Each structure stands twice: as C-alpha cells, then as structure tokens.
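Some notes on the structure that comes next.
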Amino acid sequence: MINLAQKKKRKLTKKKVARKKSKTLPWREYVSSENSFKTVYSYENTDTNVNVISREVYKKKNHIVHFPFNKRDGKPKYKNIREIHYINCPKTLPPGFLKNVSTGWGFTKELNPLMYRLIEKYENVEKVVVDRDGETKFNSSKSVVFRLKDLTDARPKIKSMLDVHKTEISGLANGILASMLPSKFKKAARKYTKGQLRNFLDNNDLNESKMSTEDIVALKQLFMTLADSDEMYEREDYLLTKKKVEKAYIEDVLDAYESLMSKGAAAKNLEQRWQEYFSENILYFNFGYVEKFEKEILMGDKSLNIPDFILLNTHGFLDVFEIKTHLTKLLSYDSGRKNFHWAGEATKAIAQAENYIDSLIKNEAELIKNIRDEYEITHFDVIRPQVFILASAKDSLLGVKKITGGKKKKMINDFRRLNDSLKNITFILYDELLDSMNSFLERIEYEISNEEE
C-alpha cells in the first residue's frame with residue numbers, strides 16, 4: 001500500500017520534471033536557407049534580440065564557414081574579419097577553435113592574439129581561411145590563409161605566454177597584498193613557467209653581438225646545471241649545440257683581439273687595454289688552465305710582489321702570465337757580430353719575471369692559505385712557477401724597424417734560440433697566439449660541419 005505522503009511526493013516530483021521539460025533555452029541555431037550546394041544556419045537569442053547568420057555548411061565538399069559574432073549584440077567579433085573558412089579540416093576541430101555556436105564561433109584565447117595582431121597590421125582583411133592542406137600566405141589584400149598545422153603549433157607558444165602573464169599578475173597581486181597584509185600573505189619567489197625560455201629564443205633574434213658578458217655567463221651556468229641531466233646527453237644535438245655556442249663566443253673574443261692588434265703606437269693606454277682584455281678572456285686562450293686568481297685576493301692582508309695573472313693548470317701547478325703589448329720591442333741587432341740579442345724592454349721583463357718567481361716561492365704558505373680559503377681549492381703546488389710573457393709580434397720584434405728576407409728569417413731563429421735558453425720563462429708572440437686560436441676555431445667549424453651533414 002502506498003500512503004498519502006508517498007503519493008504527494010510523487011506528484012511533486014512529476015511537477016518538477018514537467019517544469020524542467022518545459023523550460024527552453026533563450027537561444028537556438030536554425031536552418032535559415034538551403035539549396036543544393038549548402039545549408040545556411042542562423043543564430044537567434046530572444047533575451048538579447050540577436051539574430052545573425054552563424055555558419056554555412058557546403059554539401060559536396062569539406063568546407064564550413066563560420067561568421068564570428070559577439071553573442072551579446074550580434075556584431076562581428078573581429079572587427080572587419082567577417083568570415084572564417086575551414087577547408088578539409090577534421091569534423092571536430094582541434095584545441096584553439098571555438099566549436100559551439102553559443103560561443104559566437106572564432107578562435108580561443110590562445111589563438112585570438114593572432115587575429116588581433118592581423119587586424120592591427122592589416123585593416124583590409126575580411127576573410128581568414130584555415131586549410132588543412134594549404135600554405136600559410138596572403139591570398140589577396142582581403143584574405144589570409146593559415147595552414148591548420150601552423151595554427152596548432154602556434155597555440156602552445158601563446159598559451160605558455162598567457163600562463164606566464166597569469167603567473168606574473170598573480171605574483172604581483174600577492175606581493176601587494178603581502179605589503180598590505182603581511183600577517184596573511186607572504187611574498188613568494190617568482191616561478192618559472194614551462195616553455196618560457198623556448199618562446200624567448202623563438203621571438204628574439206639572438207646572437208653573440210647582442211649578448212653581454214653577464215648573458216653569456218648565465219647561459220654557461222644553465223648549461224652546467226643541465227649537464228647532469230640524462231635527457232641532455234640523450235639528445236644527439238647536445239654536443240653540436242655546445243660547439244656552436246663555443247664557436248660563437250670564441251669568434252667574439254677573436255674579433256676584439258684583432259681589433260686591439262690593429263692599434264698603432266699612438267693608441268692610448270694600450271697595455272692597460274690588453275690587461276683588461278685578458279683579465280676577461282685569458283682562460284679561452286690557454287686551454288690547459290682551469291682557474292684564474294685575482295691578485296687582490298691572493299695578496300690578502302700583505303703587500304706581495306706578485307703578478308696580475310696567476311693561473312692554475314690541469315696538473316695542479318701555478319703559472320704566471322705577464323702582459324705587454326703587441327708592439328713591444330724584444331730584440332736589438334748587433335751589426336758587428338751580425339746577430340740579434342734581447343732589447344732593454346725584454347731584459348726588464350725577464351728580470352721582473354724572475355722576481356715574480358722568487359716572490360711566489362717565498363710567499364708560498366700565504367698564497368696556499370689564501371687560495372684554499374677564498375677559492376676552496378686544495379690540490380695545487382707553487383713549485384718553481386712557469387712565467388709566460390705575452391709580448392710583441394714577428395713584425396714588431398725590432399719595434400718600428402722592419403726587415404725582410406734572410407735577415408728576418410735569422411731574426412726569428414735568433415728569437416727562438418734566445419727564448420729557448422730561458423729557464424721557466426717563455427715569451428709568446430701575439431700573432432702566434434692568434435694563429436693558434438684561429439686553428440682551434442677552424443677545428444670547431446670543421447667538427448660542426450661534419451656533424452650537421
């Protein structure tokens with residue numbers, strides 16, 4: 001037996017269902033016209049008094065036309081762009097395209113920026129075509145074709161940027177609230193959004209001439225961070241990318257080197273400019289060195305007679321670099337004996353090098369302590385350091401005086417003989433160092449070209 005309470009409950013339920021069935025939406029899409037070629041649909045909304053043509057569907061080919069509209073007032077959604085044609089596209093469009101008439105058709109927020117920029121740049125455009133098999137191009141001054149794949153590839157890039165903006169706005173709002181309500185909100189570090197770096201590289205014409213030293217250092221640190229990642233090593237292009245970065249940087253270093261080499265005797269502060277140059281780049285010229293020590297740090301609290309450039313080689317020993325200019329005169333000619341000997345500037349440089357060696361050995365304990373404390377390097381020795389004096393060039397060995405032929409050949413041979421006779425001291429000519437670096441660069445270029453084939 002069903003009691004009265006149950007009967008009453010059933011009646012109430014039936015009424016609710018009836019009311020739900022009778023409730024209709026204020027909008028609809030209906031067939032407004034039709035012929036043998038196509039069916040034309042219109043959108044109507046009784047609440048907003050909107051009634052506009054919404055789309056056309058062709059019967060004998062895979063071709064659909066949407067007429068993007070603002071569902072609030074029925075006006076075109078994209079100003080002058082009135083039509084979006086979909087040719088040979090999937091029945092269900094991929095992400096990035098609005099698929100319901102109630103949205104007014106068109107693109108989603110990830111692809112809308114393309115439409116807005118197109119309108120901003122070309123006000124005459126009235127039609128956009130999305131073609132699965134087409135080529136992205138201007139069909140005419142009023143029509144643009146987009147290959148479907150180009151748009152689907154663009155969508156994640158724009159989405160990533162939108163996510164960045166969302167994150168930045170949220171972070172900014174949180175920071176403001178943290179300053180106003182510190183007990184309730186805490187400042188948080190900015191978060192990196194995946195894809196942000198790729199977008200930056202894609203959208204910027206980046207090359208070494210536009211990068212600062214700080215930029216390059218940051219990239220090096222990033223590579224060092226990623227170097228432990230298995231994914232980095234699994235990619236075949238990792239080493240190739242590394243070599244290209246190295247090539248770009250060395251080219252930049254050599255350009256600056258050759259620029260200084262072109263300076264004449266009238267150039268101001270030439271030795272100081274070379275000192276500053278090698279302070280930044282010396283490790284790129286001497287591939288057997290792993291660390292350059294700052295003179296001020298090594299001296300500590302004492303006034304020590306030590307050179308500006310002290311480097312640690314791969315064997316754990318300290319070497320010294322003394323920097324002169326590419327115009328330094330190293331040789332003089334004895335016309336009576338018909339041979340070449342050290343000039344005054346070379347003799348002074350040799351004497352200074354000997355003093356450096358003695359000072360380093362004498363202050364070994366202090367140097368070791370400061371290096372260990374400041375650089376956290378423990379395995380090295382100060383045993384009779386080698387001194388390398390970077391000075392002169394083959395055409396500058398006699399200063400401004402130039403010689404040719406057999407006499408020049410003898411000069412070069414005598415320089416080699418004198419240089420080899422020195423103990424723990426070696427002169428390096430600027431042009432020979434340049435030749436060595438150019439050979440190194442050619443080897444990198446050769447390896448890159450082979451790996452790209």
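The values are calculated or read from the model by the stated rules, or taken from the named source; none is laboratory data. Keep in mind the model is a prediction, meaning the values are calculated, not measured. FYI the Cβ positions are ideal-geometry reconstructions off the backbone, even for glycines, and counts take in every protein chain you see.
When restricted to residues that are outside any strand (DSSP E or B) and farther than 20 Å from Lys75 by Cβ, segment 123-147 contains 6. Being farther than 17 Å from Val130 by Cα and in a loop (DSSP other than H, G, I, E, B) is the filter here, so list the residues in segment 43-71 that pass it. Thr46, Asp47, Thr48, Asn49, Lys59, Lys60, Asn70, Lys71 - these are the residues of segment 43-71 that are farther than 17 Å from Val130 by Cα and in a loop (DSSP other than H, G, I, E, B).
With respect to being farther than 17 Å from Asn419 by Cβ and touching a strand residue (DSSP E or B) at 6+ places or on another chain (Cβ under 9 Å), Leu283 fits the description.
If we keep just the residues of segment 18-50 that are at pLDDT below 85 and either touching a Ser or Thr at 6+ places or on another chain (Cβ under 7 Å) or surrounded by fewer than 10 Cβ atoms within 10 Å (Cβ to Cβ) (or both), which is nearest to Asn100 (Cα to Cα)? Before the answer, list the steps.
Our first condition is that a residue be at pLDDT below 85; within segment 18-50, this holds for 18-25.
Cutting the leftovers down to either touching a Ser or Thr at 6+ places or on another chain (Cβ under 7 Å) or surrounded by fewer than 10 Cβ atoms within 10 Å (Cβ to Cβ) (or both) gives us 19-25.
Working: Arg19: 26, Lys20: 23, Lys21: 22, Ser22: 23, Lys23: 21, Thr24: 18, Leu25: 15 Å.
The qualifying residue nearest to Asn100 (Cα to Cα) is Leu25.
Each row is one residue, and each column tells you yes or no for (1) among the hydrophobic types (A, V, I, L, M, F, W, C); (2) surrounded by 13 or more Cβ atoms within 10 Å (Cβ to Cβ); (3) touching a helix residue (DSSP H, G or I) at 6+ places or on another chain (Cβ under 6 Å); (4) under 14 Å from Ile310 (Cβ atoms).
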{"site": "His326", "(1), (2), (3), (4)": "no, yes, yes, no"}
{"site": "Lys329", "(1), (2), (3), (4)": "no, yes, yes, no"}
{"site": "Ala353", "(1), (2), (3), (4)": "yes, yes, no, yes"}
{"site": "Glu376", "(1), (2), (3), (4)": "no, no, no, no"}
{"site": "Ser392", "(1), (2), (3), (4)": "no, yes, no, no"}
{"site": "Val400", "(1), (2), (3), (4)": "yes, no, no, no"}
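Yes/no per residue for (1) at pLDDT 80 or above; (2) of a type outside the set (A, V, I, L, M, F, W, C); (3) more than 21 Å from Ile282 (Cβ to Cβ):
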residue	(1), (2), (3)
Val164	no, no, yes
Lys184	no, yes, yes
Arg190	no, yes, yes
Ser209	no, yes, yes
Glu236	no, yes, yes
Leu254	yes, no, no
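For segment 291-329, filtered to residues that are more than 23 Å from Asp431 (Cα to Cα) and of a type in the set (Val, Ile, Thr), the residue that is modelled with the lowest pLDDT is Ile297. Farther than 19 Å from Gly316 by Cα, in contact with a strand residue (DSSP E or B) (Cβ under 6 Å, 6 or more places away or on another chain), modelled with pLDDT of 85 or more and in the same structural domain as Leu298 (by TED's automatic domain parsing): does that describe Tyr333? For Tyr333, the condition - farther than 19 Å from Gly316 by Cα, in contact with a strand residue (DSSP E or B) (Cβ under 6 Å, 6 or more places away or on another chain), modelled with pLDDT of 85 or more and in the same structural domain as Leu298 (by TED's automatic domain parsing) - is met.
Report yes if Ile357 is surrounded by 13 or more Cβ atoms within 10 Å (Cβ to Cβ) and touching a residue at least 60 places away in the same chain (Cβ under 8 Å), otherwise no.
When the stated conditions are applied, Ile357 passes them.
Considering (1) surrounded by fewer than 15 Cβ atoms within 10 Å (Cβ to Cβ); (2) at pLDDT 70 or above; (3) not aliphatic (A, V, I, L, M), the lone condition that Ser229 does not fulfil carries the number (2).
Scanning segment 410-453 for residues that are basic (Lys, Arg) and without any contact (Cβ under 8 Å) to a residue 40 or more places away in the chain turns up Arg416, Arg417, Lys423, Arg443.
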